[in-house]
Structure formats: structure tokens, C-alpha cells
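The values are calculated or read from the model by the stated rules, or taken from the named source; none is laboratory data. Note that this is a predicted model, so its numbers are computed, not measured. As a convention, Cβ positions derive from the backbone with ideal geometry for all residues, glycine included, and neighbour counts pool all protein chains shown. Accessible surface is based on the protein model in full, side chains and every heavy atom, while ligands, DNA and RNA are left aside. Shrake-Rupley method; radii C 1.70, N 1.55, O 1.52, S 1.80 Å.
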Amino acid sequence: MKKKGLTYAQSGVDIDAGNRMVDLIKPLVKATARPGADAEIGGFGGLFDLKRAGFKDPVLVAANDGVGTKVKIAIETGIHGTVGIDLVAMSVNDLVVQGAEPLFFLDYFATGKLEPKVGAAIVAGIAYGCKQAGCALIGGETAEMPGVYHGNDYDLAGFAVGAVERKGIMPRNDIRAGDVILGIASSGVHSNGFSLVRRVVAKSKLRWSAKAPFDKKKKLGAAVLTPTRIYVKPLLAAIRETKAVKALAHITGGGFPDNIPRVLPKGTGARIDLDNIKVLPVFSWLAEAGGIAENEMLRTFNCGIGMIAVVEPRKADAVMKVLRREGEKVTPIGEVTRATAGKPRVAYTGALRL
């Protein structure tokens with residue numbers, strides 16, 4: 001009698017589980033359809049029609065990112081529905097700072113053992129994020145890799161492509177000293193600095209199931225998993241309606257001192273008034289519980305400001321009016337200055353109210 005050979009499933013890879021997950025996510029993906037993409041999945045590649053999207057002289061802009069060790073908290077808490085939103089946010093927010101409208105998104109989900117319901121919950125978050133950003137989820141990859149990932153561990157990567165009319169590429173070349181810097185509120189920690197967040201939680205000997213010290217209405221795990229805010233539609237509205245937004249900076253890893261100079265021309269810097277920043281309670285708790293100095297907070301976390309906008313001074317009120325109409329909390333937090341040789345390009349006045 002012939003012995004049966006090994007199967008792929010016996011090695012730890014379940015093709016049927018992958019097919020079950022595809023069946024679960026098909027309606028989620030279809031819900032993200034937009035002009036230029038029908039958002040159907042199942043082919044070997046996703047298609048996008050720029051002409052149908054209405055562009056005349058487009059320049060494509062691409063970005064990719066992950067969620068970092070925030071996924072570890074999702075795994076440990078069993079809360080998988082929000083990290084997909086983070087995944088989309090981290091890439092599409094990078095597109096809009098260049099004036100681009102996100103068009104489509106692809107995801108990469110890798111795990112040691114595929115649980116279709118967990119995968120579907122993650123993709124549901126991705127689809128929700130895509131709808132917030134106005135882009136289509138046109139494809140992705142699910143990889144089951146036992147031996148590389150262990151137990152319930154997984155990781156995520158996202159890839160976004162957008163387009164901007166050539167004349168609308170940002171930052172603009174007319175940024176000068178005296179331009180107003182607006183700060184747009186974040187929703188929380190977003191998706192940077194989570195290795196330090198986890199270190200502070202461990203030092204505090206708190207469980208993710210404990211009440212959050214900074215928000216008694218939520219458990220700690222759920223509170224720190226608050227998804228990254230997606231700024232795309234409000235910012236595109238402000239850019240198009242006011243014609244006064246000169247530059248945008250997404251406050252991610254590196255915080256204020258590393259991200260703001262990325263959009264400023266040579267010879268200029270920024271003065272940020274820390275007194276004008278409304279620090280969210282989560283950051284006050286992290287600073288106190290971890291004994292984290294102000295400069296470290298400013299370079300690791302967004303501290304309550306997830307995006308900054310450089311605008312024409314005489315039109316700052318008009319920009320704020322549009323952003324507030326679109327649901328954003330925004331306030332002036334500084335101005336563009338002339339850079340001083342040998343000194344940091346971002347200078348501060350006041351202090352964070354930690």
C-alpha cells in the first residue's frame with residue numbers, strides 16, 4: 001500500500017483558510033470602490049483608471065508604511081478591528097501632505113497561523129480606513145508563514161498610491177518667514193512610539209484589561225489602540241477651497257523636530273509655541289509614568305498634534321474655518337522663521353502642559 005505524502009496543511013499552511021478569508025473580505029473590499037477602480041479582488045493585480053478619476057496632468061505619489069509594535073497590543077488584547085485603520089492612515093496621510101488625493105491601497109498581512117475571522121477583522125479596518133480616505137482597496141497579500149511568525153503573531157504593511165495635478169504638488173515654493181503654522185489635533189498616540197508605550201505600561205505593572213489611568217471610561221488596551229486620525233478629506237477641502245495651504249507635515253516618528261523641517265525650504269525654520277498645544281491626557285500620563293522629558297516627548301510622540309499646516313497669514317482664518325467645518329480641531333501653534341546657522345531648525349517657546 002502506497003504511503004500518503006506530506007501535505008501543505010501539515011506543514012502549517014492552510015490554503016482553505018486563506019480561501020475562507022477571501023470570501024469574508026470580498027464585500028468589505030467592494031465597498032471601497034471609487035471612480036477609477038471597481039475594487040474587485042481575485043485577479044493577479046489591481047487596475048486603476050486615472051482618466052476616469054478625472055485627472056488631466058497627474059503626477060503619481062506613492063507611500064508605504066506599517067503599524068509598528070502597535071500590532072503587538074492588538075494581538076495581546078484580541079482587538080483587531082482598528083489596526084487596519086492605522087495602516088491606511090500612516091500611508092494616506094503621507095500622500096496628502098504632498099497635495100495628493102489617495103487613489104488606491106494594497107495591504108500585506110503576514111501571520112504564523114491564519115485565523116480567517118481575525119484576518120477579516122483586520123481587513124474590515126483597512127476597508128473602513130480606505131473609505132475615510134476616499135481610496136479603493138484593490139488588492140493585497142495574505143501570507144501564512146509558520147516558523148517566521150509564532151503563535152498568534154502577525155504583522156501588517158500597507159501601500160498607497162495617489163495623484164496630484166502637476167501644478168498642485170506640495171510643499172509650494174513660496175514658503176517664507178512669517179507664514180502661520182497651524183496644528184491639527186491628533187486622536188491619540190497614532191502609530192509611533194509604541195515600543196516606549198509598552199515599556200511604560202510594563203514599568204507601571206498594568207494589564208491591558210485595566211482601566212486606562214488617563215481615561216476611566218476605557219480599558220487601557222482599547223484606549224491606546226485608538227486609531228490614527230485620517231486627515232485626507234479635510235485637508236484636500238482646505239487646499240482646494242482656500243488655495244492658501246503652502247505645506248503640510250505629518251507628525252510621525254521623529255515628532256516635531258524631525259518632521260517639520262522636511263517641508264520647509266533651506267534658510268527657514270519654525271518657532272512652535274508649546275503653550276498653544278492641547279496635550280492629550282494619554283501623553284501626560286506617559287510622561288509622568290515613564291519619567292519622559294519634554295524634548296523626548298516632542299521627538300517620539302505627536303503630543304496632541306497629528307498634522308501641521310503652513311498657510312498664508314491673511315488666509316489662516318479661512319483655512320481654519322474649512323478644517324473646523326470638516327470636523328478637525330485646529331489652532332495656530334507658531335510661524336515660519338529664518339533659520340539660524342548652527343541652531344536647531346525648530347525652536348520652542350513656552351512648555352508642554354504635561
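Some notes on this structure:
- Note on residue 258 and residue 44: with the Förster distance fixed at 51 Å, the Cβ-Cβ geometry gives a FRET efficiency of about 0.85.
- Over 18 Å between alpha carbons, listed pairs 30/131; 26/117; 30/51; 167/329: 30/51; 167/329
- Pairs of Cα atoms farther than 19 Å apart, the stretch 215-274, %: 55 percent
- Positive minus negative residues near residue 278 (Lys, Arg vs Asp, Glu; Cβ under 15 Å): +1
- Three-way shape label, the stretch 99-170, alpha-carbon gyration tensor, a/c 1.5: prolate
- Whether the stretch 288-354 is rounded, prolate or oblate, judged on the alpha carbon gyration tensor where a/c under 1.5 counts as rounded: oblate
- Solvent exposure of the stretch 28-178, expressed per residue, is 44 Å² of accessible area, with all protein chains present and a 1.4 angstrom probe.
- By average C-beta atoms within 10 angstrom, highest first, the peptides 95-106, 117-128, 216-227, 318-329: 95-106, 117-128, 216-227, 318-329
- Measuring between their Cα centroids, the stretch 160-213 and the stretch 73-150 lie 18 Å from each other.
- Beta bridge orientation in the stretch 63-161: antiparallel %, DSSP, nearest 5: 55 percent
- Taking every alpha-carbon pair under 8 Å whose residues sit at least 6 apart, the chain reaches a relative contact order of 20 percent.
- Three-way shape label, the stretch 45-88, alpha-carbon gyration tensor, a/c 1.5: prolate
- Of the listed residues 186, 195, the order by accessible area with a 1.4 Å probe, largest first, is 195, 186.
- In order through the stretch 163-172: 3J(HN,Hα) via Karplus (6.51 cos²θ - 1.76 cosθ + 1.60), integer Hz, x for Gly, Pro: 9, 9, 4, 3, 6, x, 5, 10, x, 6
- Cross-link reach is defined here as a Cα-Cα straight distance under 27 Å, omitting same-chain residues fewer than 8 places apart; for residue 205 the lysines meeting it are 70, 72, 216, 217, 218, 219.
- DSSP-defined antiparallel bridges as percent of all bridges, the chain, nearest 5: 75 percent
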